[in-house]
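Asks: Provided herewith is a single structure, encoded as structure tokens, for subsequent inquiry.
The values are calculated or read from the model by the stated rules, or taken from the named source; none is laboratory data. What you see is a predicted model; the values in this text were computed from it and never measured. No Cβ is skipped: glycine too gets one built from the backbone with ideal geometry, and neighbour counts run over all protein chains shown.
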Amino acid sequence: MGFDVEEAVRADAIRWHIRLRDGGDADWAQFEAWLELDAEHVRVFQQVEDMDLELEPLLPELVFREAANDAGEPQVDAPRRAGWGRWYAIGGGALAACVAGVLAITLVSPSDRYEVATSAGENQIVTLDEGTRITLNGSTRMEFDRGDPRFASLLSGEALFHVRHDQNRPFRLKVGDNEIEDVGTVFNVVRGRGELRVSVAEGAVFYRSGREGTPLVAGQALRTEEGGTAIQVSRTPVAAVGAWQRGQLVYLGEPLSQVAADLSRGLGTHIVAAPAIAARPFYGTIAVEGTGPRQIDQLKLVLDVTFKADGDGWSMNPVSDGDR
């Protein structure tokens with residue numbers, strides 16, 4: 001990319017950075033289209049956002065209040081506005097925007113938090129507000145806040161999110177030390193085996209790890225190790241996102257270790273892939289139709305493996321000549 005072209009892209013990124021502060025649905029749709037035009041748009045947009053975040057460590061130390069109209073009137077903090085991530089202001093000049101506006105810090109009482117957990121093979125739907133619902137897959141634990149329907153935390157497992165867009169109060173999902181913020185979205189998140197996976201079916205989300213941020217739009221997926229810095233972004237069929245809710249598991253080269261973990265959540269029994277085949281890629285769709293021997297027999301054929309009873313579950317093993 002030539003210097004003039006990169007500067008033009010950077011200028012566009014800054015304009016989007018500012019525009020999205022008060023952007024409506026049409027703005028977000030145009031922004032998603034702009035990101036999808038070129039991978040350089042994503043890279044430069046991240047650079048612009050990172051520059052804005054240089055001011056973030058200073059912001060919690062500052063408390064600004066608007067001047068009261070009358071000396072006798074109490075000063076009231078205005079509500080915080082938000083866009084991507086945990087931005088207190090957006091665009092070239094975050095500090096100026098904060099001085100012109102207001103910072104409000106909300107203290108959350110631990111007693112407002114509560115957990116919802118599912119057993120293996122069990123699904124549960126949690127409705128937070130009108131238009132926002134979360135479907136928990138089996139073996140999943142989540143935390144919610146009675147006082148804040150725009151917050152959730154995925155402690156372990158898998159969940160599918162249908163989120164109502166509210167540009168002034170974006171939905172935030174905490175996943176360990178990371179955060180996912182959505183802008184009117186259908187997306188799926190898996191946390192387990194030391195890794196985190198995010199896939200988007202509709203709209204867009206913004207994944208943040210520390211000071212780094214990665215936007216994802218419909219048809220994109222992200223994979224990263226918890227505590228790590230490397231992030232893999234790839235394409236994914238929209239129809240595959242959250243397909244487990246319809247009794248289907250769709251794979252495009254994922255390792256059998258992941259297949260085993262997904263089957264464990266859906267079938268209600270513990271399944272682990274033997275080290276010899278754990279990294280073997282699998283391509284195909286698995287129909288999850290039951291939990292008994294018939295389902296295991298079907299999996300043998302689909303996955304080209306054998307199953308051996310192992311304690312309270314099954315181990316997935318390579319097929320030997322004697323098994324054929």
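Asks: When only residues in the range 259-283 that are touching a Phe, Trp or Tyr at 6+ places or on another chain (Cβ under 8 Å) and part of a helix (DSSP H, G or I) count, which is nearest to Ala117 (Cα to Cα)?
Replies: Step by step, filter the range 259-283, then rank; the result is Arg265.
Asks: Right, next: Which condition does Pro293 not pass, out of (1) under 28 Å from Gln124 (Cβ atoms); (2) surrounded by 19 or more Cβ atoms within 10 Å (Cβ to Cβ); (3) modelled with pLDDT under 90, if it passes all the others?
Replies: Failed condition: (2).
Asks: Still on this structure, I have one more. Anything in the range 199-218 that is surrounded by 19 or more Cβ atoms within 10 Å (Cβ to Cβ) and part of a loop (DSSP other than H, G, I, E, B)? List them, or say none.
Replies: Gly203, Ala218
Asks: For the range 119-167, how many residues meet the condition of being crowded, with 18+ Cβ neighbours inside 10 Å and at pLDDT below 90?
Replies: Residues meeting the conditions: 2.
Asks: Let me ask something additional. Can you pull out the residues in the range 189-220 that are under 10 Å from the mean Cα position of the chain (by Cα) and of a type in the set (A, V, I, L, M, F, W, C)?
Replies: Within the range 189-220, Val189, Val190, Leu196, Val198, Val200, Ala204, Val205, Phe206, Leu216 qualify.
Asks: Count, please, the residues in the range 254-304 that happen to be on the phi > 0 side of the Ramachandran plot and under 28 Å from the mean Cα position of the chain (by Cα).
Replies: Residues that pass the stated criteria total 2.
Asks: Give the number of residues within the range 228-257 that are of a type in the set (S, T, N, Q), outside any strand (DSSP E or B) and free of Cβ contacts under 8 Å to residues at least 24 places away in the same chain.
Replies: Qualifying residue count, the range 228-257: 1.
Asks: Sticking with this structure for a sec: Which one is surrounded by the most Cβ atoms within 10 Å (Cβ to Cβ) among residues in the range 255-285 that are closer than 30 Å to Glu36 by Cα and out of contact with any Pro (no Cβ under 7 Å at 6 or more places or on another chain)? Give the derivation first.
Replies: The first filter runs over the range 255-285 and keeps only residues closer than 30 Å to Glu36 by Cα, leaving 255, 258-259, 262, 281-285.
Then keep just the ones that are out of contact with any Pro (no Cβ under 7 Å at 6 or more places or on another chain); that gives 258-259, 262, 282-285.
Details: Gln258: 21, Val259: 25, Asp262: 22, Phe282: 19, Tyr283: 9, Gly284: 11, Thr285: 11.
Across the range 255-285, the extreme among qualifying residues is Val259.
Asks: Moving to a separate point now. Select from the range 130-172 the residues that are of a type in the set (Val, Ile, Thr) and under 22 Å from Pro215 (Cα atoms) and list them in ascending order.
Replies: Listed by number, the residues that qualify are Thr132, Ile134, Val163.
Asks: Please find, within the range 95-117, the residue that is surrounded by the most Cβ atoms within 10 Å (Cβ to Cβ) out of those that are of a type outside the set (D, E, K, R) and at pLDDT 95 or above.
Replies: Within the range 95-117, the match that is surrounded by the most Cβ atoms within 10 Å (Cβ to Cβ) is Val116.
Asks: Also, quick follow-up: Can you find, within the range 41-55, the residue that is modelled with the lowest pLDDT among those that are in contact with a helix residue (DSSP H, G or I) (Cβ under 6 Å, 6 or more places away or on another chain) and assigned to a helix (DSSP H, G or I)?
Replies: Only one residue tops the list, namely Asp52.
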